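Everything on this sheet refers to the single structure shown next.
The values are calculated or read from the model by the stated rules, or taken from the named source; none is laboratory data. All values reported here derive from a predicted model rather than from experimental measurement. Cβ placement follows ideal geometry from the backbone for every residue including glycine, while neighbour counts extend to all protein chains displayed. Side chains included, ligands, DNA and RNA excluded: accessible areas come from the protein's heavy atoms. Shrake-Rupley method; radii C 1.70, N 1.55, O 1.52, S 1.80 Å.
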Amino acid sequence: MTMEPFANYSYFDDFDDEVDSVEWSEAEWRRYLSKIDGDVSLFLRLFIETRNIINHMEIIASQMGWIKQSGNFVNSLSQIDENDPYTIHRQPVAIVTRALYCFLIKNWELFMSEHKSPDPQLCWVYGRILNIGERDATFALACMDAGDDNLALCHFKSALKSINYTMDIIQKVRSIRMKCSVLLEDAMIACFDLREVWLKVMDSCRDELNDDDDE
């Protein structure tokens with residue numbers, strides 16, 4: 001499965017000046033953020049529809065308009081206008097991270113409502129780990145935005161540690177409650193996708209750092 005839309009470093013740099021030049025009111029920024037929320041919801045819907053297809057992330061990236069052909073975006077369902085400022089909020093990896101963590105949270109809520117809840121302590125730990133993982137991924141993206149790739153790598157590694165712990169908990173619950181395997185298998189798909197996207201972006205960070213060293 002190719003993850004090129006998420007490995008392309010051009011999605012992360014050279015948009016600070018563009019944002020600084022935008023003189024929007026609070027209401028205009030709120031409308032912009034609503035569009036971002038719409039894209040997160042769109043990604044989530046597409047993920048739910050295609051999650052069992054092998055190359056579902058590539059399919060979603062195309063439908064979101066993140067894949068270019070001949071210099072143009074194709075098949076874009078995004079609510080974002082191409083003339084809107086390119087802030088950190090609309091980075092593909094930021095949208096993927098927000099959407100998949102929303103999925104993991106809702107997935108766990110459904111699991112607890114449809115089946116007898118596992119150990120309350122385990123539920124607390126699971127929720128806490130989800131929070132920590134999303135926080136570190138968000139910090140990593142902010143560091144990339146600021147050009148601090150080494151610091152971004154530190155946060156991505158912490159996020160990966162959290163997602164691996166998340167998967168360990170899911171596997172533990174699956175071994176106890178085989179009847180809820182469908183819900184938990186979906187959670188594993190989301191975790192694998194998050195991990196794959198982050199690893200690709202980490203590779204692009206390292207490439208950028210190596211290019212800087214060569215100059």
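Listing for the model above:
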quantity	calculated
Distance between the stretch 133-182 and the stretch 20-65 - C-alpha centres, whole angstrom	20 Å
Net charge dipole size for the stretch 104-174 [Lys, Arg +1 and Asp, Glu -1 on Cβ; Debye, nearest 20]	320 debye
Accessible area of Tyr165 in the full protein assembly, 1.4 Å probe (Å², nearest 10)	110 Å²
Solvent-accessible heavy-atom area per residue, rounded to whole Å², over the stretch 29-153 at 1.4 Å	51 Å²
Mean Cβ count within 10 Å, highest first, over the residues of peptides 48-56, 22-30, 192-200	192-200, 48-56, 22-30
